[in-house]
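Below: the structure, in structure tokens.
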Amino acid sequence: METLQSILLVAPVLLFSVVAHEVAHGWAALSQGDTTARDLGRLSWNPIKHVDPFMTVLLPVMMLVASGGKIALGGAKPVPVDPRNYRHYRRGDIIVSLAGVFTNLLVAIGCTALAALFGVLGQGGGGIAPSLVILQEMMLLGIYINWILILFNLIPLPPLDGSHVLKHLLPRRLAIAYVRFGRYGILVLAILLYLGALEKWLRPAELAARAMIGVVAPTLLPPNADWLR
């Protein structure tokens, strides 16, 4: 039952966060001269256009079940872009790659503001207080989820966003070898996840999320105050 409740709380927040991430890539690509995402109708907030059966549905559910409702990670169907259309390839590739994580940061900030708002309204009492407790918990989850998405996508392993930045910082010979290595990126990532080797990399996400929640601590409604423990 607790796992089901976690899924119901996490699902809408995670879906919005990953869709925002992908839409940001598309808009950034458009700003750099590539119209691929727009032409294919992917600059849309309609979640159906961005749902990937495994990354958006099965993966987060499996992680929630396996962790007893504590961990969820997922993604949307990648927005197609064509870097050859960028006005300046190197700059465009970096901007488009970082647009998603920057958007997740904005979503985390927005969740923090909404958590405070729901808390202030809930402290006033009234019949909507129980609903505000749930909404505030969803926003707190949103803070954690978006910081995890930020750190996860910055992992310098193809095809994650961090790899697009790293390849432009490497000498040409190393960059070519690194891009060729990209065909094994998903396999390496899956092995690291299975071994729990990414825990230290993702640790700053928890610290950043707790810092944000600490800012709105006076507005936390019972039992959401437990998030500070």
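Which residues, counting only those in region 113-138, are open to solvent by less than 20 Å² (accessible area, probe 1.4 Å) and of a type in the set (S, T, N, Q)? Once the filter is applied, which keeps residues that are open to solvent by less than 20 Å² (accessible area, probe 1.4 Å) and of a type in the set (S, T, N, Q), region 113-138 yields only GLN136. Reported count of residues in region 81-95, each being in contact with a helix residue (DSSP H, G or I) (Cβ under 8 Å, 6 or more places away or on another chain), of a type outside the set (Ser, Thr, Tyr) and part of a helix (DSSP H, G or I), is 7.
Residues that are among the basic types (Lys, Arg), at least 2 per element: which helices (runs of 4 or more DSSP H) completely within region 111-197 meet that?
Details: elements: 129-153, 161-169, 172-181, 185-195.
Fully inside region 111-197 and qualifying: 172-181.
For region 16-36, the tally of residues that are closer than 17 Å to MET139 by Cα and open to solvent by 20 Å² or more (accessible area, probe 1.4 Å) stands at 1.
Taking region 161-187, which residues are within 20 Å of the chain's Cα centre (by Cα) and closer than 22 Å to ALA76 by Cβ?
Step one: list which residues in region 161-187 are within 20 Å of the chain's Cα centre (by Cα), which gives 161-166, 185-186.
Those that are within 20 Å of the chain's Cα centre (by Cα) and closer than 22 Å to ALA76 by Cβ: ASP161, GLY162, SER163, HIS164, VAL165, GLY185, ILE186.
Name every residue in region 96-122 that is small (Gly, Ala, Ser) and touching a His at 6+ places or on another chain (Cβ under 9 Å), in order of residue number. Break it down into steps so the answer makes sense when it comes.
If we filter region 96-122 for residues that are small (Gly, Ala, Ser), which is where we start, we get 97, 99-100, 108, 110, 113, 115-116, 119, 122.
Answer for region 96-122, where residues must be small (Gly, Ala, Ser) and touching a His at 6+ places or on another chain (Cβ under 9 Å): SER97, ALA99, GLY100.
Might you check whether a residue that is of a type in the set (A, V, I, L, M) and open to solvent by 40 Å² or more (accessible area, probe 1.4 Å) occurs anywhere in region 157-165? For region 157-165, residues of a type in the set (A, V, I, L, M) and open to solvent by 40 Å² or more (accessible area, probe 1.4 Å): absent.
If only one of LEU106, LEU98 is open to solvent by less than 70 Å² (accessible area, probe 1.4 Å), modelled with pLDDT of 95 or more and assigned to a helix (DSSP H, G or I), which one is it? Don't jump to the end; show me each part of the working.
Working: LEU106 fails: open to solvent by less than 70 Å² (accessible area, probe 1.4 Å).
The conditions single out LEU98.
The set of residues from region 104-147 being among the polar types (S, T, N, Q) and either closer than 11 Å to ILE213 by Cβ or in contact with a strand residue (DSSP E or B) (Cβ under 6 Å, 6 or more places away or on another chain) (or both) comprises THR112, GLN136. Here GLY41 meets each of (1) touching a helix residue (DSSP H, G or I) at 6+ places or on another chain (Cβ under 7 Å); (2) modelled with pLDDT of 85 or more; (3) assigned to a helix (DSSP H, G or I); (4) of a type outside the set (Val, Ile, Thr) with one exception, condition (3).
The values are calculated or read from the model by the stated rules, or taken from the named source; none is laboratory data. Bear in mind that the values here come from a model prediction, so they are computed numbers and not experimental data. Please note: Cβ atoms are built from the backbone with ideal geometry, for glycine as well, and neighbour counts cover all protein chains shown. Side chains are part of the model used for accessible areas, which takes the heavy atoms of the whole protein and leaves out ligands, DNA and RNA. Shrake-Rupley method; radii C 1.70, N 1.55, O 1.52, S 1.80 Å.
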